[in-house]
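*Asks:* The structure is given below, and queries will be raised subsequently.
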Amino acid sequence: MIATINELTTVASAWTAAQFLNGTVLSGSALGLRIAAGNPRNFVDLETGGLGTVIQGPLNSSQTATLATFNTLANLLAGCACHPLRRKRHCRVLRVGKAGPHAARRTSARAVTKKPKGKGS
């Protein structure tokens, strides 16, 4: 299988591995890492880079804000990494700072999953 790397797959991977991220290193129990490695498939289709079947189900889409939040994070990440005129604003929201476009994608996905910005932060 050839995997697609895009904003959706990046957010899915960062979100499911967030508790195991320590800087640029993934560490934890073998079982926990194995579970985290398998969970992005619940968010995205790894081959196409589109949405996965689980996140499109009613418990994650129409009955909760999960799908909307996931898509919002991916859209912010896209703006941070790909649009020079919007980069400053989007990267600030995602707490990236002066990271370049490639580092921005990795850094912002990690930051937003570990400490999402919101009320009281």
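Only the coordinates and a few stated rules stand behind these numbers; no lab work does. Being a predicted model, the structure only gives us computed values, none of them experimental.
*Asks:* Could you give the length gained on full extension between residue 34 and residue 54, defined as 0.36 nm per residue of separation minus the Cα-Cα distance, in nm? Don't skip to the answer; put the middle values down first.
*Replies:* Numbers: separation 20, 0.36 × 20 = 7.20 nm, distance 1.85 nm.
Length gained between residue 34 and residue 54: 5.3 nm.
*Asks:* Show the residues, 5+ positions off or on another chain, whose built amide H is closer than 5 Å to the amide H of residue 51.
*Replies:* It is 45, by chain and number.
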